Amino acid sequence: MSTTPPDVPLPDLPLPDLPERLRRAMAAERADPEHFALAVERGIARRRAHEEAQRRTVRERLGRAPAALRAAAGWLPPTALPFALKGMLGSKGLAWKSVPALAALPAISLLMLALTFAGALRTLFAREGQAARPHDSQQRFESTRAWWLRNRWPALGALGLLLLLAYLEHSEAAVALLLLSMLALVGLLGELARAGIADRRAVGTTAGLVLYNLGLYWFLLRRFVPADGLSAEFAPLVLWFAGLGAIVVGRGWTRRDLWRWLLDPIPMRHPDPVTTACLRAFSFGAVLLGTLVLAVFAAVTLYSLRPVDRSPERTTAWLEAFDAPHTDTRAWTRFETILASLPPGTEGGLELAAARRAATQEGPLAGPALVVAARRNWIGPEDIAGAERLERSPERARPSDEAALFALLGAGRLDAAARRAAASALVETPGFFHATTPRAVANARRGARLVDALGHPELFDARREELLEQLEAQLPSLCLSLDWYPPIRSRTEPFDEALRAIDMLILVERLSLADRLDLAPLERATRGRGEAHVAASNLLRRLDGSPRGGWVAGLVRHRVFLGALLLGALALLAVARAPRELEGGS
Amino acid sequence: MNGDVTDWIDTWRGPLIGLALARGLDRAAAHELAADVFAEAWLGRERFRGDFDDERAFGAWLGGIARNLHRAGQRARTHLPLDDVTVARQPTDEASSDERANENTDVRAAIERLPEAEREVVRMFYLEETSTRRVAALLGLTERAVEGRLRRARERLAGWLAPAADARAAN
C-alpha cells in the first residue's frame, strides 16, 4: 500500500510550524502500537469464540425445532440461514411436513435464479480495477451449490410452472401462486427467527430480495393480468420499496449506507460464486437448454414490452388500409367490430376504398363482409338474396337478415311502417336479447345497431335492465382469464377477448350503462398490442368515469395492490421481529 | 498488503482512532472502537469484494464497519467487551516544560472550536502520519474535499493560535 508523506510546514500562514504543533498536541491520544495489536488479536479471538457459540446454538435449536421447520430449512435459500449447516439440511421426500416449504418454493426458486443472473451481470459488466479476490466467496459458493444440488429439480419444476402459467394466458394464476408462495416464505422466515435460527439480517436480506423479485415479475406480467391501474402501476413499487425497507431494517443501515449500496454495487471481474455454484449443479446440456429457454422467455418479454401507439388515428389508419379478401371471415369480423367501435357519427368520414375493393371482388359475399358492404352501400338490395322477400314482408325479419335490412334502408326502400314491423320482428326473435355468452353479446351489439338504424331505439331500450344483468354476468369471463374454459371459448370462432370487450363496451355505451357497471376488469382486454386492443382501449377511455361499485368490488379490483401491501407489511414485520443478533448460548 | 492484519493496523490505525475521537468518543473508547474495527474486518474479510490494495475501496469498507460499530455501540451501549484494552500506555508528553504544556492545551482547545467537518479531518490526519487519500477513503469523500477542509482548518487554527504564540515569544 502506498503512503503519502504528511504535509509540510506552511510558510504562508502566520504559524509556519502549525502541523508540528498539531502533532505534538495530539500525541497524547495516540495508541501504543504493540498494545493496540494485542487488543486486535484478543478481539479476533473473542469474536471467533462468540461465532462458534452461535453456530452451536443454531445447530442445537434446529435439532429441536418442529419437523416442518427442519424440513423447510433445507429448502430455504442460503441467504436465510446464517451458517452453512452441513449435514443438517436436506429434503427428505415430499412428506406433509415439507408442505410449507413446498409452498414457498416458487418464490425461493425465482430468487435463486435471479441471484444467479445478477451475479452473471455483475461479472459481465465489471470494469478494470474492480476485481474481487477469487478466494473471497468460498462459503457462498459452497452453500449455493449445496442448495442447487439438493433442490434443483423441484426448483426447476416450480420455475417451469411459473413460466407456463405466464405464457399460457394464466398470468394471474402465476402472480397468485407467487404471492401465496411469498406469504409462505415470510411465514417460514418468521418461524425461523422465532426459533432463534435466523437473525434480522438474514430475514431482512431474504425477504427483501424475494419482494424485489416478485415486484419485477409482476412488472413484467402486469399487462397480461386483469388488474386495475393501481395494481398495475403501483404494486411493483410497493413490492420494491418494501423489499428495500426489509433490507435496510434487516441490516440496520443508515441513509449513507443505503446511498452507498444503491450507487456503488461494485461489479466483479471474477465469476460470481452464486452464479458459478448454480451452473455447476447442472450438466452442460441442461445449462445450455435452460439458457435457451430463458433467452426465448426474455425475447418474448422484451418484444411484448415495446411501446404501443394507442391513438385513435392508428385505428383510423388501419381501417382505411384494410384490404383483406372478403373470404377471410376472421379478418372481416375484426374489421366490422373495430369499425363499430368508432365514436358515433365518425364512421361516415372514413375513406374505405381499399376495403370496398376487397369486398366487391369476385365471389359471393357473406358474413361480416356482406354486412359492412350493405351498411356502406357498396352493394344494393339486388345483390343480396332474400332482400326482395324482406321488402315485401318486413314482419318476417330475423337477425340473420342484417345485411339485407341495411341494404334496403340504404336504398330507401323501407317505409316507416315497414321499419316498425322489421324492428318489432327482430326484438321478438327468441334469443335476440340473450347476451349470455361472448358470442351472444356480439349478436346483441349488432342487433342494437340494426334496431337503431330502423329508427326504433325505444324497442331496445325497453330491455335495458335485462341486458344489464346479462352483461354483469359476462364480465367475469373477461375478468378472470377464463377464456380457455370450453363453454366460454366458442368452438366455431376463436375467442378474441379484445373483440368481445368491444362488443360489450359498445352495448354499455348504447344503453348508457357506464355508471352502473364496473368496467375495470375490461382493462385487461385493452393491454394487448393488436388493433382490436387499441380500439377497445380507446372505447374504454371514452366511457371512463364510471363509479367503481361497492367495497367488495374494490377489494377484488385492487387485489394485487392490496396483496402487495399485505405482503410488504408482513415481511417488514417479520424482519422487525427477528432478533438483531443470534445469541451465543442456547 | 493483501489481507495482513498487521499491515492494516499500521496503515489505518491513526485515521480510524482520529475518526472515533472526532465522533465524540473519549480516548479509551476510541481505541477500543478502532481495535473492534480491525477485528471485525479481519473476520469478515471474505465479505469485502474489492481489492485490498485499493485504498479507496478498502478504506470505504473500513469506514463503513467503523460507523456500524459506533452506531451499534451507541444503540446498545455495549461494544463486545475488550476488557483490558487500555490500548494505550499514556505516552509521555513531549512538552516537558509548562510552556509546551500550555501550548498543547491551547492547540487542543482550538481544535475543539473547529467546525465538525474540519475537526474530523484534522484529528484523522494529524493523529498519526497518514495521507489525505486514506482520510478521504474512510469518510467517503474525495481527496480534494479533504484537502480543502484541511486547508480551511489550518487557516482558522493559525489565525487563532498565532497571537498566543506571539505573546509567548514576547515573554
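The values are calculated or read from the model by the stated rules, or taken from the named source; none is laboratory data. A quick note: this is a predicted structure, and the numbers were derived from the prediction, not measured. So basically every Cβ, Gly included, is an ideal-geometry build from the backbone, and we count neighbours across all protein chains shown. Side chains included, ligands, DNA and RNA excluded: accessible areas come from the protein's heavy atoms. Shrake-Rupley method; radii C 1.70, N 1.55, O 1.52, S 1.80 Å.
Summary of values
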quantity: Answer from A:GLU523, A:GLU509 - the residue that is modelled with pLDDT of 75 or more, part of a helix (DSSP H, G or I) and open to solvent by 40 Å² or more (accessible area, probe 1.4 Å); calculated: A:GLU509
quantity: Whichever residue in the stretch B:130-156 is closer than 11 Å to B:ARG56 by Cβ and open to solvent by 20 Å² or more (accessible area, probe 1.4 Å) and, among such residues, is farthest from the other protein chains (Cβ to nearest Cβ); calculated: B:THR142
quantity: Sole exception among (1) under 19 Å from A:ALA184 (Cα atoms); (2) of a type outside the set (Val, Ile, Thr); (3) surrounded by fewer than 17 Cβ atoms within 10 Å (Cβ to Cβ); (4) at pLDDT below 75 for A:LEU81, by number; calculated: (3)
quantity: Scan of the stretch A:368-390 for residues that are touching a residue at least 24 places away in the same chain (Cβ under 8 Å) and either open to solvent by 40 Å² or more (accessible area, probe 1.4 Å) or of a type in the set (S, T, N, Q) (or both), ordered by number; calculated: A:ARG375, A:ARG376, A:ASN377, A:ASP383
quantity: Failed criterion for B:HIS79 (all others in (1) modelled with pLDDT of 50 or more; (2) surrounded by 17 or more Cβ atoms within 10 Å (Cβ to Cβ) hold); calculated: (1)
quantity: Selection count, the stretch B:1-40, where residues are in contact (Cβ under 8 Å) with a residue 60 or more places away in the chain, β-branched (Val, Ile, Thr) and open to solvent by less than 10 Å² (accessible area, probe 1.4 Å); calculated: 1
quantity: Subset of the stretch B:97-110 [more than 7 Å from chain A (Cβ to nearest Cβ) and under 21 Å from B:LEU25 (Cα atoms)]; calculated: B:THR105, B:ASP106, B:ALA109, B:ALA110
quantity: Test: A:LEU414 is in a helix (DSSP H, G or I), at pLDDT 85 or above and open to solvent by less than 50 Å² (accessible area, probe 1.4 Å); calculated: no
quantity: Selection within the stretch B:3-18 - under 17 Å from the mean Cα position of the chain (by Cα) and among the hydrophobic types (A, V, I, L, M, F, W, C); calculated: B:TRP8, B:ILE9, B:TRP12, B:LEU16, B:ILE17
quantity: Breaking point among (1) of a type outside the set (Ser, Thr, Tyr); (2) at pLDDT below 90; (3) farther than 20 Å from B:ARG67 by Cβ, for B:GLY148; calculated: (2)
